[in-house]
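Nothing in this text is a laboratory measurement; each read-out follows from the coordinates by a stated rule. The structure displayed is predicted, hence computed values, not measured ones. All Cβ positions, glycine included, derive from the backbone under ideal geometry; neighbour counts span all protein chains shown.
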Amino acid sequence: MLAIRLVTGPERPDTLVLPVRPEGPDPSAALVPTASPPADDVRAEATALLPVARLTGDAGEVREHLRPGGTPSRLVLLGVGAGDEQGWRSAGAALARAAKDETHITVALPADAAAALRGLVEGLLLGSYRFRLTEAGGAPALAEVDVVVPDPDALTPILETARTTAELTRLARDLTNTPSSVKNPEWFAGQVAAAATGHPDLHLRVRGPEELAAEGFGGILAVGGGSASGPRLVELDWRPADARTHVVLVGKGITFDTGGISIKPVPAMKLMRKDMAGAAAVVAATLGAAALRLPVRVTTLAPLAENMVSGSAFRPGDIVRHYGGLTSESTNSDAEGRLVLADAMAYAVRELKPDLLVDLATLTGANAVALGKRHAALYSENDQLAADLLAAIDAAGERAWRMPLATDYVEYLGSELADLHSSPARGAGSVVAALFLREFTGDLRDHWVHLDMSAPSWSDDADAELAKGATGWGVRGLLRWLATLG
Ligand code: BES
Ligand code: MN
Ligand code: ZN
């Protein structure tokens, strides 16, 4: 992966990247003052280029200018928009794509470099992401980026935070992009084990079908019952000695969702290898909390199952007994996510008794119907907690929108046969699913957030820091939020 170094001035005569921003009522670009100003002749040349190159300074704009025999031998003018972290993130991603055939570049940052550095580093590392199994053309040549800042030592922690955040977002993308011929529940648990080894304060427990049966995880067993690859429950615990707050993260981990007996039509099924993006995000965020040594205890639960069609699959109309004893009647085996989440949440509430509970799930197609392709739906009874998470998600450059736990639909959860009906074919899909999950929050009802992230978990095109395919949605926002606790 790309090596990024902090330096106090350009050390090589090759490519120098100078930031530009919009200026004036009829926006045209102006150079952004940098900590180490370019030589006078370079600055004059860059300034003269701005109108000729028709630059506006918008974030992500890139213009290359060759200077044969000069130092630097290439100038790149890079639009950073408002110059805030998100502007620099988009700029970093655009730069990684534009400079993919160079091996080394130098980027000059403004004197007030902290937010710019964080955005630039995340943008470079996320914009250059390729999924190695499916992306043809090989790795980008760009191997080294020198970043010119006033004080490298003082900014090193920001570089490390940004690098860790991006690396773990890339891990979540890799897990989510992996084809389901490779990633069954056992494989996913093995990936978590491999990533967690070496951290002395990270503890991992993986339950297999027998333990799940012995302890009463009926939802995970029902959904996983149709597959030749049995279900798992991953429990990954980051437990620093100085923690005062305990957060449990739960992530939906359906390694492929056929819909089960209520089978999905072809177009709806083709991307269902991504149905474990919630599990990938919470695992990656927990690994990030450990890597950054955040002083907050984080336990991640990833219920993993493959929702298949077979003679041992659960049927519409079956009654499921969840962890802790609540039963649910499922009339649609395609509403499987809420069944595995219910077990994990009930387990968290009863056995782990955390302060806060957050679940992430590619739960409903209705998320995208309501909010479009980039926003997750956020549900919570707790206004402060909702606001805190929304702020962290926004600061991290991700998007979520709060939705109501509308009581109008609670009656639809009634069943004649069980405590709850898990998949009523009425009401707003994402809201009804959230209301079902709320039934498993017990004492933590007011300390819980549900994020339906079906829509933003995937991008159909490369867009700023997003690559085509899995986005790793949630890793950045969760890490920001966890960093504010403690
Ligand atoms: N995994 C799907 C939700 C989904 C859809 C994720 C599209 C990403 C993109 C989930 O298990 C599902 O099938 N939900 C059903 C629920 C319904 C049967 C109540 C849905 O959204 O149609
Ligand atoms: Mn489904
Ligand atoms: Zn699903």
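Before moving on, here are some points about what is shown:
- Cα-centred dipole magnitude for the chain, charges only on beta-carbon of K, R (+1) and D, E (-1), debye, nearest 20: 740
- The angle between the Cα long axis of helix 475-484 and the longest principal axis of the Cα atoms of the chain comes to about 90 degrees, rounded to the nearest 10.
- Scanning residues 5 or more positions from Ala108 or on other chains, those with amide H under 5 Å from its amide H are Val17, Val148, with H placed 1.01 Å from N in the peptide plane.
- Pairs over the 20 Å Cα-Cα cut-off, from the set Lys183/Lys274; Lys274/Lys353; Lys100/Lys274; Lys183/Lys373; Lys252/Lys468: Lys274/Lys353; Lys100/Lys274; Lys183/Lys373; Lys252/Lys468.
- Listed residue (Trp458, Leu159, Trp238) projecting farthest to the positive dipole end of the chain, Cβ model: Trp458
- Exposure proxy ranking for Ile261, Ile220, Ile319, Ile393, based on other Cβ atoms within 10 angstrom of each Cβ and starting from the fewest, stands as Ile319, Ile261, Ile393, Ile220.
- Vicinal HN-Hα couplings computed from phi for the range 454-460 (Karplus, 6.51 cos²θ - 1.76 cosθ + 1.60; Hz; Gly/Pro x): 4, 5, x, 6, 9, 10, 6
- Here the relative contact order of the range 311-429, from alpha carbon pairs under 8 Å that lie six or more residues apart, stands at 31 percent.
- Here's how it looks for Ser423: its modeled amide H is under 5 Å from those of Thr331, which are all 5 or more places away or on a different chain.
- Principal-axis tilt of helix 429-438 within the chain, Cα atoms, nearest 10 degrees: 70
- Here the contact order of the range 197-263, divided by its residue count and restricted to Cα pairs under 8 Å and six or more residues apart, works out to 37 percent.
- Taking other C-beta atoms within 10 angstrom as a stand-in for reagent exposure, Leu66, Leu352 fall in the order Leu66, Leu352, fewest first.
- Peptides 283-289, 312-318, 68-74 ordered by packing proxy, namely the average of other Cβ atoms within 10 Å per residue, highest first: 283-289, 312-318, 68-74.
- Helical runs (DSSP H, four residues minimum) scored at -39500 (n - 2.57) apiece and divided by the length of the chain put the mean residue ellipticity at 222 nm at -10000 deg cm²/dmol.
- Rounded to 5, the percent of DSSP beta bridges in the range 166-483 classed as antiparallel: 50
- The Cα center of the range 1-63 and the Cα center of the range 384-406 differ in position by 34 Å.
- Compared with the direct C-alpha span, the chain from Asp242 to Trp401 gains 54.0 nm at full extension, assuming 0.36 nm per residue.
- Kirkwood Rh and Cα Rg combined as Rg over Rh, evaluated for the chain: 1.03
- Taking all Cα pairs closer than 8 Å and separated by 6 or more residues, the relative contact order of the chain comes to 15 percent.
- Angle of helix 277-291 to the longest C-alpha principal axis of the chain, folded into 0 to 90 degrees and rounded to 10: 60°.
- Sorted fewest first by neighbouring Cβ atoms within 10 angstrom, Trp88, Trp458 come out as Trp458, Trp88.
- Dipole of the chain, positive direction: furthest Cα of Ala289, Ala111, Ala91, with charges on the beta-carbon: Ala91
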